[in-house]
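Have a look at the structure below, then the notes.
The values are calculated or read from the model by the stated rules, or taken from the named source; none is laboratory data. The structure displayed is predicted, hence computed values, not measured ones. Don't worry about glycine lacking a Cβ; one is built from the backbone with ideal geometry, like all the others, and counts go over all protein chains shown.
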């Protein structure tokens, strides 16, 4: 046998052995995967998973839609698989009692770990922070910032100022506008100004165009995209296995795009923090903006005093908090506003009662400035917003992880089991709501015959992890809706569709809401 023939034979044998080894590894992996599946603790109904990808091709990146489409098939509890990890869906308020315990003994404090966020330092804020002591400290600081009357009073005035800057377009006989885009630009501007102290020009650019093509305006517009992509990125990280992210075309390029987007957002906020910290250290005036409050908390510049037992927030903690507040505040508030407008356009009786409430509180002067104290009197508007949140929840799912063994729905669960709480189905449970699909704000009024069942209405989550920015969101929503409806009639261009146009990208996002705004003459109402 020649050397060439020997080497060829050796190569073929090596290749054959390699193929056999790969086949054996695949068979072993598949067998192990299905052994884990068929011997799992407390099996529940759900789609049958595939090795490596789990239920990715059935659920995609839209678990909210999958849960809605299959709720009646699977009832109150079902499971899906993400790779080799099982997620449990809970679709009834009675299953959330142990999860929404508002104290430190809660076994469901933790959220799912996302290594990518840990790598870029975003586990140091609130949403993804699973270190209870650090989370508790940071939450106290954020609550002091976002829920203080001083902050909320200024926020009310800022919302009015921003609306008035471009109101000339609304004062036309008929103003045709895509309200979905308008509100996203509005909430971006007010959130950026409030959290970073920097001016933002998204709304002016959307309404008037950008004759200057300035870098600041480009950054503001890019910030909209970056924050909207934030929760989409989270869903991608949770539901797409690493092997697809790193080695499969399509998924690989999406992963690169998300990383680039998150790095840009991180760097942009880091630069803002660094610059603002330097200005404050040089004794610039400390304002009531979130960034100023967070940078001076528990320092010599803190107006509330200095506590030696507490340390100030690090730049990393401030950055994570600002990104979270921005991402959560821009999209959720904008979309909630869109869904309220969509509902009001179909319920003129509700609009009429809302306007009666405006006249009772503000009088007939449509230029009268709205105060934070005024907003607290708007009980019917509060009910309108809550009923809209119930019928079209912007956050249809929330996640919790049990840190210890637990029992839910009569089943025992291992530590680190991930639970999805299905707000959409819980908010429409016939066990809790009479005519659950109907829009009836009166059910949220004090003295209503309807009793709100515990954990049946959770637009801001519940328990110890309830959203600390909920008061800020309600102030923004109330102010904006009053500004619009006390001076303008709103008519939908699309009067046929029975639902607003939405997609799910971590939150339920309104993609198109074309309206016609017409100035009103209150003397003829």
Residues that are touching a residue at least 60 places away in the same chain (Cβ under 8 Å), part of a loop (DSSP other than H, G, I, E, B) and either within 22 Å of the chain's Cα centre (by Cα) or over 14 Å from residue 419 (Cβ atoms) (or both), drawn from segment 89-107 = 91, 92, 96, 99, 100, 101, 102, 103, 104
Is it the case that some residue within segment 15-36 is assigned to a loop (DSSP other than H, G, I, E, B) and either out of contact with any helix residue (DSSP H, G or I) (no Cβ under 7 Å at 6 or more places or on another chain) or at pLDDT 90 or above (or both)?
-> no
State all residues of segment 49-65 that are touching a helix residue (DSSP H, G or I) at 6+ places or on another chain (Cβ under 7 Å) and buried (at least 20 other Cβ atoms within 10 Å of the Cβ); if no residue qualifies, say none.
-> 49, 56, 59, 64
Mind listing just one residue for me: the one in segment 299-313 that is closer than 14 Å to residue 137 by Cβ and touching a residue at least 40 places away in the same chain (Cβ under 8 Å) and, of those, farthest from the chain's Cα centre (by Cα)?
-> 310
Are any of the residues in segment 78-88 over 30 Å from residue 131 (Cβ atoms) and in contact (Cβ under 8 Å) with a residue 12 or more places away in the chain?
-> yes
What pairs come up if the first residue lies in segment 139-152 and is part of a helix (DSSP H, G or I), the second is exposed (fewer than 14 other Cβ atoms within 10 Å of the Cβ) and at pLDDT 85 or above, and their beta carbons are under 7 Å apart, counting only those six or more places apart or on different chains?
-> none
Filter segment 362-403 down to residues that are crowded, with 17+ Cβ neighbours inside 10 Å and in a helix (DSSP H, G or I), then give me how many there are.
-> 16
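Here is a yes/no grid of residues against (1) in contact (Cβ under 8 Å) with a residue 24 or more places away in the chain; (2) within 29 Å of residue 397 (Cα to Cα); (3) within 24 Å of the chain's Cα centre (by Cα); (4) surrounded by 18 or more Cβ atoms within 10 Å (Cβ to Cβ):
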site	(1), (2), (3), (4)
473	yes, yes, yes, yes
476	yes, yes, yes, yes
480	yes, yes, yes, yes
513	yes, yes, yes, yes
517	yes, no, no, yes
520	yes, no, no, no
Go through 340, 351, 325 for me and flag whichever is touching a strand residue (DSSP E or B) at 6+ places or on another chain (Cβ under 9 Å) and part of a helix (DSSP H, G or I).
-> 351
How many of the residues making up segment 439-471 are over 30 Å from residue 137 (Cβ atoms), in contact (Cβ under 8 Å) with a residue 40 or more places away in the chain and part of a loop (DSSP other than H, G, I, E, B)?
-> 6
In segment 77-86, is there at least one residue being touching a helix residue (DSSP H, G or I) at 6+ places or on another chain (Cβ under 6 Å) and surrounded by fewer than 15 Cβ atoms within 10 Å (Cβ to Cβ)?
-> no
Flagged in segment 99-109 as surrounded by 17 or more Cβ atoms within 10 Å (Cβ to Cβ) and out of contact with any helix residue (DSSP H, G or I) (no Cβ under 9 Å at 6 or more places or on another chain), in numbering order, are 107
For segment 280-301, what are the residues that are crowded, with 16+ Cβ neighbours inside 10 Å and within 22 Å of residue 472 (Cβ to Cβ)?
-> 286, 288, 289, 290, 291, 292, 293, 294, 295, 296, 297, 298
Have a look at 235, 257 and point out the one that is modelled with pLDDT of 85 or more and surrounded by fewer than 18 Cβ atoms within 10 Å (Cβ to Cβ).
-> 257
Only one of (1) modelled with pLDDT of 90 or more; (2) touching a helix residue (DSSP H, G or I) at 6+ places or on another chain (Cβ under 8 Å); (3) more than 24 Å from residue 251 (Cα to Cα); (4) assigned to a helix (DSSP H, G or I) does not apply to residue 46, and that is (4)
Where residues in segment 163-185 are more than 29 Å from residue 328 (Cβ to Cβ) and outside any loop (DSSP other than H, G, I, E, B), which of them is nearest to the chain's Cα centre (by Cα)?
-> 176
Pick out the one residue from 176, 124 that is over 30 Å from residue 481 (Cα atoms) and touching a residue at least 60 places away in the same chain (Cβ under 8 Å).
-> 124
